[in-house]
Number of protein chains: 2
Amino acid sequence: MSGKPVVRMAELEIDPDSLDAYRALLAEEIDASVALEDGVLALNAVSIRNRPTSIRILEVYASREAYEAHLQTPHFLKYKNETAGMVTSLTLVDVDPIAMRSKA
Amino acid sequence: MSGKPVVRMAELEIDPDSLDAYRALLAEEIDASVALEDGVLALNAVSIRNRPTSIRILEVYASREAYEAHLQTPHFLKYKNETAGMVTSLTLVDVDPIAMRSKA
């Protein structure tokens, strides 16, 4: 896969009654994506302190093609389908990397 | 170092006239911190597309002690001093990790 990395921040609000189920599905999807897809470089999901239904995900894909391929994987489609009724708001923010460093 | 990880999102606005200088100082600080400090696990800095003066940094430290130690390092103090006049707004958002995965 070629091209430059695709980096994005997703901002989600989750139905409070579904929060535990949502978190489990999200964690499962992140584990599978980074383990199974060469082009998914990082997925970092956090909740805002004292606002646990406010989720932020920093997503790093190797390329546009890697991102498009990710959208077709069984684990992503499972996450998307099973959480569709739990997500009350989703904002996708395109961002440009300045410096991305993590321990090897 | 013990304790649980400290994760935070910094939201910054930068003086447009200082943006190039700010980005260089930030990248230098991030490179040094992750390379030199065992307790700095990840620093991921991005700018929002079409709003280049809006910066977001996802910070992951091994522990509270690691974070406190980071604040005393020469590279952080250099960054903090040299960028003080460039940052027009700084909001630190404490967050809790849900799933943090990146390629080894």
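Side notes on the structure shown:
- The sole residue among A:16, A:52 that is modelled with pLDDT of 95 or more and either in contact with a Phe, Trp or Tyr (Cβ under 8 Å, 6 or more places away or on another chain) or within 25 Å of residue B:56 (Cβ to Cβ) (or both) is A:52.
- Options B:69, B:24, B:10, B:35: the member that is hydrophobic (A, V, I, L, M, F, W, C), within 27 Å of residue A:5 (Cα to Cα) and touching a residue at least 12 places away in the same chain (Cβ under 8 Å): B:10
- Residue within region B:5-23 that is within 22 Å of residue A:40 (Cα to Cα), within 12 Å of chain A (Cβ to nearest Cβ) and of a type outside the set (Lys, Arg) present: yes
- Test: residue in region B:45-63 that is surrounded by fewer than 18 Cβ atoms within 10 Å (Cβ to Cβ) and in contact (Cβ under 8 Å) with a residue 60 or more places away in the chain: yes
- Residue B:42 being surrounded by 21 or more Cβ atoms within 10 Å (Cβ to Cβ) and either at the interface with chain A (Cβ under 7 Å from one of its Cβ atoms) or in contact with an Asp or Glu (Cβ under 7 Å, 6 or more places away or on another chain) (or both): yes
- Region B:84-104 residues that are within 22 Å of residue B:41 (Cβ to Cβ) and more than 7 Å from chain A (Cβ to nearest Cβ), paired with ones that are part of a strand (DSSP E or B) and of a type outside the set (D, E, K, R) (beta carbon under 7 Å, 6 or more apart): B:90/B:10; B:90/B:12; B:92/B:10
- Test: residue in region A:30-38 that is part of a strand (DSSP E or B) and either touching a His at 6+ places or on another chain (Cβ under 6 Å) or surrounded by fewer than 20 Cβ atoms within 10 Å (Cβ to Cβ) (or both): no
- Residues of region A:10-29 satisfying the condition of being crowded, with 21+ Cβ neighbours inside 10 Å and in contact with a Leu (Cβ under 7 Å, 6 or more places away or on another chain): A:12
- Listed conditions (1) closer than 16 Å to residue B:9 by Cβ; (2) among the hydroxyl-bearing types (Ser, Thr, Tyr); (3) part of a helix (DSSP H, G or I) are all met by residue B:22, apart from (1).
- Verdict on residue B:80 being within 22 Å of residue A:50 (Cα to Cα), out of contact with any Asp or Glu (no Cβ under 8 Å at 6 or more places or on another chain), more than 8 Å from every other protein chain (Cβ to nearest Cβ) and not β-branched (Val, Ile, Thr): no
- Remark: residue A:81 falls outside the filter, which requires a residue to be without any contact (Cβ under 8 Å) to a residue 60 or more places away in the chain, at positive phi and surrounded by fewer than 20 Cβ atoms within 10 Å (Cβ to Cβ).
The values are calculated or read from the model by the stated rules, or taken from the named source; none is laboratory data. Here the structure is a predicted model, which means the values were calculated and not measured. Here the Cβ is made from the backbone with ideal geometry for all residues, glycine too, and neighbour counts use every protein chain on show.
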